[in-house]
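Enquirer: Here's a structure for you.
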Amino acid sequence: MSTVVRRRVDGWYRTAGGWRQASVRSRSTAAAVIVVAVAMMLGAAALLLLLQRALITEVSDAAEGRVGDVAGQVSSEGTAGLARDLVETTRATQLVQVLDPAGRVIAASSSRVGNTPLTDLRPPAGALMRAEVGEMPLIDDDHNYLIVAQGASYGGQTYTVVVASSVETQRQTVTTVAKYLVIGFPALLIVVGVAGWLMVGQALRPVERIRSRVQGIGTRDLTERVPVPETRDEIARLAVTMNEMLDRLETGQATQRAFVADASHELRSPLATLTAALEVIEADTTGRAWHELRAVMGTETDRMRKLVEDLLLLAKADDTGIRMQQTDVDLDDLVAAEMQRLRSSMPELKVTGDVRPVRVVGDPARLSQVLRNLVDNAARAAHTSVHLATAEKDGSAIVTVEDDGDGIPEADRLRVFERFVRLDISRSRASGGSGLGLSIAREITRAHHGTITLTSSSTGGTTATVTLPNIG
């Protein structure tokens, strides 16, 4: 690429970049002025063209009328006294000649035309012919003329009547109109620019108020809202959308703060237990306290590990979503494994099942975590029995976990999916629960494009139903 071309390209890019960086008000005003200027130019060109054609048509009609009158006079009266009549009846903007069959001038309306014919046109009798508009070298002026010729028959001979009409007046009219347009264009464009600048500024004033309010809203206080204009235009919808966004941010911030507070509260208990145990062990010189408290410390440490893992999982779900493996999973095998685990860990419970083969596409480890959380909740709530089942329905896999406990009130069936929510706090803490099991189960189920619901069971307890798509 040559240096000149490179400079032109760089200049074009700088111009385009400067245009993009200009304000909306400036670009809108400039666009309005450009559009109006282009429209005015096209309109002015069309106006001048139509005006010129109309004026030329007027001159042509007058010339045709005049040539017809003279040709009629020649045909009826001959050429006697014709020269005097032409001088007396012809307008100043017209020149008339009458040519004999040999092409000689036998009568003229003015001495300016001399004895030389104005045109070479020789139409037959009764016929009309025109010549292009142009200057006449035979006439001592700078005017353009429109020439019309018509044949006239008299005494067995064909004469030619020629009328040359000046179009200078019409040309001056078009020139005058063009001058007025040239003078008026800048003034009109200035008016359009000023009006556009003011109107766009008025239209963008609510946007500036919204921007100023948003600039003053900090992360510590999300209770403020942007003003909504009384209009029902796009700016009003923008303000409503921004307020809805601020509502979501405020809700998310409140949820995050509650999450942090609850997590801190949950971690405080095992840390306090571990601290107290360490103090007892340090004060004991016999070494027996270590053997007595080792199991307690192990339990609290395992509780903290599970809590931290659950918190990290929920944090990932809030941030980027839970990453899932995509493989074929036999849900009946996972349910059977959970039934075996529950029978081994809690032999006092009656564990029954109606397990049918069913397959989905998903993450086996995460789905196993969902089942374990539901089964553990059911086991804690059950009085005597837990029932698990799998089935296929309408292209989806269904897993149910049912207990015969006291059940969950209908008003709390959605609230229990919130984080750190426990309806029986004392029992949940005693068993090491943190109130995150159902929250994690719901997040994993959502990541598999499924749903999880809680309903009353036939035994008075609770039935947890997991619905997953993609049956294999």
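The values are calculated or read from the model by the stated rules, or taken from the named source; none is laboratory data. Please read these numbers as outputs of a predicted model, since none were measured by experiment. As a convention, Cβ positions derive from the backbone with ideal geometry for all residues, glycine included, and neighbour counts pool all protein chains shown. Surface areas here come from the heavy atoms of the whole protein model, side chains and all, with no ligands, DNA or RNA. Shrake-Rupley method; radii C 1.70, N 1.55, O 1.52, S 1.80 Å.
Enquirer: Is there a residue in the stretch 203-210 that is within 30 Å of ALA108 (Cβ to Cβ), in contact (Cβ under 8 Å) with a residue 24 or more places away in the chain, open to solvent by less than 30 Å² (accessible area, probe 1.4 Å) and among the aliphatic types (A, V, I, L, M)?
Expert: No.
Enquirer: Among (1) free of Cβ contacts under 8 Å to residues at least 60 places away in the same chain; (2) open to solvent by 80 Å² or more (accessible area, probe 1.4 Å), which single condition is ARG130 missing?
Expert: Exception for ARG130: condition (1).
Enquirer: Which of the strands (runs of 3 or more DSSP E) found entirely inside the stretch 279-372 contain at least 2 residues meeting this: open to solvent by less than 40 Å² (accessible area, probe 1.4 Å) and touching a residue at least 60 places away in the same chain (Cβ under 8 Å)? Walk me through it before giving the result.
Expert: Working: elements: 327-330, 350-354, 359-362.
In the stretch 279-372, 359-362 are the strands (runs of 3 or more DSSP E) which contain 2 or more residues that are open to solvent by less than 40 Å² (accessible area, probe 1.4 Å) and touching a residue at least 60 places away in the same chain (Cβ under 8 Å).
Enquirer: Here is a further query. For the stretch 402-421, what are the residues that are of a type in the set (Lys, Arg) and in contact with a strand residue (DSSP E or B) (Cβ under 8 Å, 6 or more places away or on another chain)? Explain how you work it out, then say what you get.
Expert: Start the filter on the stretch 402-421 by keeping residues that are of a type in the set (Lys, Arg), which leaves 413, 415, 419.
Answer for the stretch 402-421, where residues must be of a type in the set (Lys, Arg) and in contact with a strand residue (DSSP E or B) (Cβ under 8 Å, 6 or more places away or on another chain): just ARG413.
Enquirer: Given the options ALA391, ALA378, ALA382, name the one that is among the small types (Gly, Ala, Ser) and under 46 Å from the mean Cα position of the chain (by Cα). It would help to see each step written out before you state the result.
Expert: Numbers: ALA378 fails: under 46 Å from the mean Cα position of the chain (by Cα); ALA382 fails: under 46 Å from the mean Cα position of the chain (by Cα).
The conditions single out ALA391.
Enquirer: Okay, next question. Let me spell it out: the conditions are (1) at pLDDT below 90; (2) surrounded by fewer than 19 Cβ atoms within 10 Å (Cβ to Cβ); (3) within 20 Å of LEU454 (Cβ to Cβ), and ALA391 meets all of them except one. Which number is the exception?
Expert: With (1) at pLDDT below 90; (2) surrounded by fewer than 19 Cβ atoms within 10 Å (Cβ to Cβ); (3) within 20 Å of LEU454 (Cβ to Cβ) applied to ALA391, the lone miss is (1).
Enquirer: Still on this structure: Contact list please: Cβ distance under 8 Å, first residue in the stretch 187-201 and over 14 Å from ILE34 (Cα atoms), second residue open to solvent by less than 30 Å² (accessible area, probe 1.4 Å) and in a helix (DSSP H, G or I), pairs at least six apart or on different chains.
Expert: VAL200/THR29
Enquirer: Hey, among the residues in the stretch 408-417 that are assigned to a loop (DSSP other than H, G, I, E, B) and surrounded by 15 or more Cβ atoms within 10 Å (Cβ to Cβ), which one's modelled with the lowest pLDDT? So that I can check it myself, show each step before the final result.
Expert: Initially, the stretch 408-417 is screened for residues assigned to a loop (DSSP other than H, G, I, E, B), giving 408-409, 413-414.
If we keep only those that are surrounded by 15 or more Cβ atoms within 10 Å (Cβ to Cβ) too, we end up with 408, 413.
Numbers: ILE408: 88, ARG413: 84.
Restricting to residues being assigned to a loop (DSSP other than H, G, I, E, B) and surrounded by 15 or more Cβ atoms within 10 Å (Cβ to Cβ), the top hit is ARG413.
Enquirer: Search the stretch 68-96 for residues that are within 16 Å of ARG112 (Cβ to Cβ) and among the hydroxyl-bearing types (Ser, Thr, Tyr) and pair each with any residue that is assigned to a helix (DSSP H, G or I) and open to solvent by 50 Å² or more (accessible area, probe 1.4 Å) when their beta-carbon atoms are under 6 Å apart and the residues are at least 6 apart or on different chains.
Expert: none
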